[in-house]
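What follows is a single structure, and I will ask about it in a moment.
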Ligand code: WT7
């Protein structure tokens, strides 16, 4: 599909573009109001809450969050900015996170389920772990870590654990001792884990022999060997490997246990039965855990989160934005290996004495009705997941939710922008039009939500996360640091003007990178101790509508510049997905002599749909109608599936590599690596036929293609 040069140039002239601007053509979506039934029971239903969090009340407004916790010593300084931008919250305060998540609930909720764990195989029994039982397991494992491993306050430990209850037990046992845990997502390779062991200088690795995924008992311990070898290569020796067993007493891995190094946790625990470990009273600003933000192009950054600030922030946001009450059955369908799981499966819900559901496996195993069966059986009433899961369930089982008798009062979407079309399916089909939806925008580095609607008090708008949350004051800045006014159709860089308790403390071991990545861009006075001088640069493009709601456009480095017209990938994909045959869409840039870059669109169809010229034309038509001629894709490729990470994100750099005849890069972290070759053959042979083989790319162009899409 080619377009006339003058049309392109004309389109380009119509918009003035600077680096930070992304051309925006979204249409305003209509509001959806929360159901009265929800408002009646909500934790935040009185609008006076907004007065308590106005900017004049900052930072003292966050006392309200900290007061949700039990402190051993109350703090004397709410926010200390003396070493800006290394903020300190609740200084002078002492507390223990494990105590706050478990011990303090025992008097009232001893026999209430803290976790309900659903194994992937449907014939295995669901387990409810009461607060009392959790307390016991945490204490026993803490005793083991202290007495057998010799770990103490401030030491780091790496976990490479799947979605099993042993993971939160391990986390909370560390928290009890003041040991800093660093959980690496179970789906990551051994080498990725090894790099993180080395960076955090952990001497102990906690792993598991095997776990279920897509109907298969996967060997996981095998990755430990790779991890230890990689860590050693990077100069870090692992002394002990603690191996939880998926089936107690039975070893399900093919790798040998190394004598003197590897130990079965269930065997060791026999010596610690009934042991009680006093929770260590930690300073508020002591680190609680590290969470590495992934990256294939750059070294992962260990986001260091604090004890007092972080825990206050996840408690407050869980209460008001997730609307968690102790009576709720709350299911956050994410992996604890991501920040979402740390904040909103474990730490946030548990501070509020919730019942938190954990599911071991994939959403569509054995079929796309599985999540709804779980919801029905357990009586889940709060459901929290990511657009990628929602799209997958919509694709494979659009009519499944109505077959099951569950009722959600509240649903969340998190992790990437959600296409309004997908939002509507979530609302209508999954939520049965009875549930509120919060679209929560934030990042690993942030601890908890930054942008969202307060569910009983602010209407929802598909595709927009909403305004800044309580106590968060965002601003959109252009490249020069000038605010972009609301209601403008121009996008810019979304920043947070103020510090907040959940913000990470530093990049572990690399404070310079902390400052240069997140604060240097808009800071004008290096020595300033005034927080007003340190806007936090999130790295996302966004625009703000007249009503104050933000629309997040994705990473600022994820734009396709067609003849000077900066197009957001998400906007292109949202336009494509309005075509009813389409389940998923991914936009990538292709080097184009005429326009600099042109758009190529990859499409996956809903089941039962067949590839056809008509579908391609519908997609082009939708993009042209909703965005403009300039965005019309050069090619549309209907592919059997998209290359995806284990967390379900489409790896755009892989298809960008294919489109540009360059290397797709590392594909070892893909859930479906085999699809890459299939797509490559399909696309490149057709391009050769059409005479579209590109010239040799410059180093800069190669770098751009390689880095396209957010690094996973
Ligand atoms: C990036 C952070 C936060 C937990 C999971 C992801 C994108 C996140 C949204 C949302 C639009 C979103 C941003 C952000 N993102 N939530 N609701 N709407 N975009 O954590 O891996 O650190 O990724 O995800 O681009 O910067 P992460």
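Can you tell me which of 656, 575, 585, 604 is touching a residue at least 40 places away in the same chain (Cβ under 8 Å), under 23 Å from residue 462 (Cα atoms) and in contact with a helix residue (DSSP H, G or I) (Cβ under 7 Å, 6 or more places away or on another chain)? Outline the logic, then answer.
Working: 656 fails: under 23 Å from residue 462 (Cα atoms); 585 fails: touching a residue at least 40 places away in the same chain (Cβ under 8 Å); 604 fails: in contact with a helix residue (DSSP H, G or I) (Cβ under 7 Å, 6 or more places away or on another chain).
Being touching a residue at least 40 places away in the same chain (Cβ under 8 Å), under 23 Å from residue 462 (Cα atoms) and in contact with a helix residue (DSSP H, G or I) (Cβ under 7 Å, 6 or more places away or on another chain) holds for just one of 656, 575, 585, 604, which is 575.
When both residues are 6+ apart or on different chains and their Cβ atoms are under 6 Å apart, which pairs have a first residue that lies in region 332-349 and is more than 14 Å from residue 289 (Cβ to Cβ), and a second that is within 11 Å of the ligand (Cβ to nearest atom) and assigned to a helix (DSSP H, G or I)?
332/344; 334/340; 334/341; 335/341
Quick check, is residue 178 modelled with pLDDT of 95 or more, surrounded by fewer than 24 Cβ atoms within 10 Å (Cβ to Cβ) and either under 11 Å from residue 289 (Cα atoms) or under 19 Å from the mean Cα position of the chain (by Cα) (or both)?
Considered against the rule, which asks whether it is modelled with pLDDT of 95 or more, surrounded by fewer than 24 Cβ atoms within 10 Å (Cβ to Cβ) and either under 11 Å from residue 289 (Cα atoms) or under 19 Å from the mean Cα position of the chain (by Cα) (or both), residue 178 comes out as yes.
Can you tell me which residue in region 450-466 is nearest to the ligand (Cβ to nearest atom), limited to those that are under 19 Å from residue 543 (Cβ atoms) and touching a helix residue (DSSP H, G or I) at 6+ places or on another chain (Cβ under 7 Å)?
The extreme case among them is 463.
Output the qualifying pairs, or none if there are none: Cβ atoms under 6 angstrom, residues six or more apart or on different chains, first residue in region 171-199 and on the phi > 0 side of the Ramachandran plot and touching a residue at least 40 places away in the same chain (Cβ under 8 Å), second residue surrounded by fewer than 24 Cβ atoms within 10 Å (Cβ to Cβ) and part of a loop (DSSP other than H, G, I, E, B).
Listed pairs, sorted by first residue: 178/153; 178/280.
State whether one or more residues within region 351-369 are surrounded by fewer than 24 Cβ atoms within 10 Å (Cβ to Cβ) and in a helix (DSSP H, G or I).
no
With a cut-off of at least 3 residues that are buried (at least 20 other Cβ atoms within 10 Å of the Cβ), name the strands (runs of 3 or more DSSP E) lying wholly within region 187-302. First the steps, then the outcome.
Working: elements: 204-208, 210-213, 216-219, 240-244, 262-264, 287-293.
Qualifying strands (runs of 3 or more DSSP E): 204-208, 210-213, 240-244, 287-293.
Something else about it: Taking residue 416, is it within 12 Å of the ligand (Cβ to nearest atom) and surrounded by fewer than 22 Cβ atoms within 10 Å (Cβ to Cβ)?
Considered against the rule, which asks whether it is within 12 Å of the ligand (Cβ to nearest atom) and surrounded by fewer than 22 Cβ atoms within 10 Å (Cβ to Cβ), residue 416 comes out as yes.
Of the residues that sit in region 411-430 and are in contact with a strand residue (DSSP E or B) (Cβ under 7 Å, 6 or more places away or on another chain) and free of Cβ contacts under 8 Å to residues at least 40 places away in the same chain, which one is nearest to residue 626 (Cα to Cα)?
426
Which residues, taken from region 135-174, are assigned to a helix (DSSP H, G or I), surrounded by 24 or more Cβ atoms within 10 Å (Cβ to Cβ) and in contact with a strand residue (DSSP E or B) (Cβ under 6 Å, 6 or more places away or on another chain)?
170, 171, 174
Is it the case that some residue within region 401-408 is within 22 Å of residue 543 (Cβ to Cβ), away from the ligand (no atom under 15 Å from the Cβ) and at pLDDT 95 or above?
no
Here's something else I'd like to know. Sort through 298, 248, 286, 270 and tell me the only one that's more than 22 Å from residue 189 (Cβ to Cβ) and modelled with pLDDT under 95.
Numbers: 298 fails: more than 22 Å from residue 189 (Cβ to Cβ); 286 fails: modelled with pLDDT under 95; 270 fails: modelled with pLDDT under 95.
Result: 248 is the single residue among 298, 248, 286, 270 that is more than 22 Å from residue 189 (Cβ to Cβ) and modelled with pLDDT under 95.
Could you list, in sequence order, the residues of region 419-447 that are within 9 Å of the ligand (Cβ to nearest atom) and under 22 Å from residue 506 (Cα atoms)?
Answer for region 419-447, where residues must be within 9 Å of the ligand (Cβ to nearest atom) and under 22 Å from residue 506 (Cα atoms): 441, 442, 443, 444, 445, 446.
Within region 507-539, how many residues are in a helix (DSSP H, G or I), within 18 Å of residue 447 (Cα to Cα) and touching a strand residue (DSSP E or B) at 6+ places or on another chain (Cβ under 7 Å)?
The qualifying residues number 2.
Considering only residues of region 523-540 that are over 13 Å from residue 500 (Cα atoms) and within 16 Å of the ligand (Cβ to nearest atom), which is farthest from the chain's Cα centre (by Cα)?
537
Rundown of residues vs (1) within 23 Å of residue 304 (Cβ to Cβ); (2) surrounded by fewer than 17 Cβ atoms within 10 Å (Cβ to Cβ), yes/no style:
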{"position": "487", "(1), (2)": "no, yes"}
{"position": "490", "(1), (2)": "no, no"}
{"position": "495", "(1), (2)": "yes, no"}
{"position": "514", "(1), (2)": "yes, no"}
{"position": "521", "(1), (2)": "yes, yes"}
{"position": "532", "(1), (2)": "no, yes"}
{"position": "536", "(1), (2)": "yes, no"}
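Looking only at region 318-347, how many residues end up being within 12 Å of the ligand (Cβ to nearest atom), in contact with a helix residue (DSSP H, G or I) (Cβ under 7 Å, 6 or more places away or on another chain) and part of a helix (DSSP H, G or I)?
3
Could you tell me whether any residue of region 381-400 is away from the ligand (no atom under 15 Å from the Cβ), in contact with a helix residue (DSSP H, G or I) (Cβ under 8 Å, 6 or more places away or on another chain), over 19 Å from residue 603 (Cα atoms) and free of Cβ contacts under 8 Å to residues at least 40 places away in the same chain?
Yes, the conditions are met somewhere in region 381-400.
Condition (residue is farther than 28 Å from residue 525 by Cα, within 27 Å of the chain's Cα centre (by Cα) and part of a helix (DSSP H, G or I)) applied to region 101-110: is it met by at least one residue?
Yes: one or more hits.
The values are calculated or read from the model by the stated rules, or taken from the named source; none is laboratory data. The model shown is predicted, which means the values in this text are computed figures rather than measured ones. Here the Cβ is made from the backbone with ideal geometry for all residues, glycine too, and neighbour counts use every protein chain on show.
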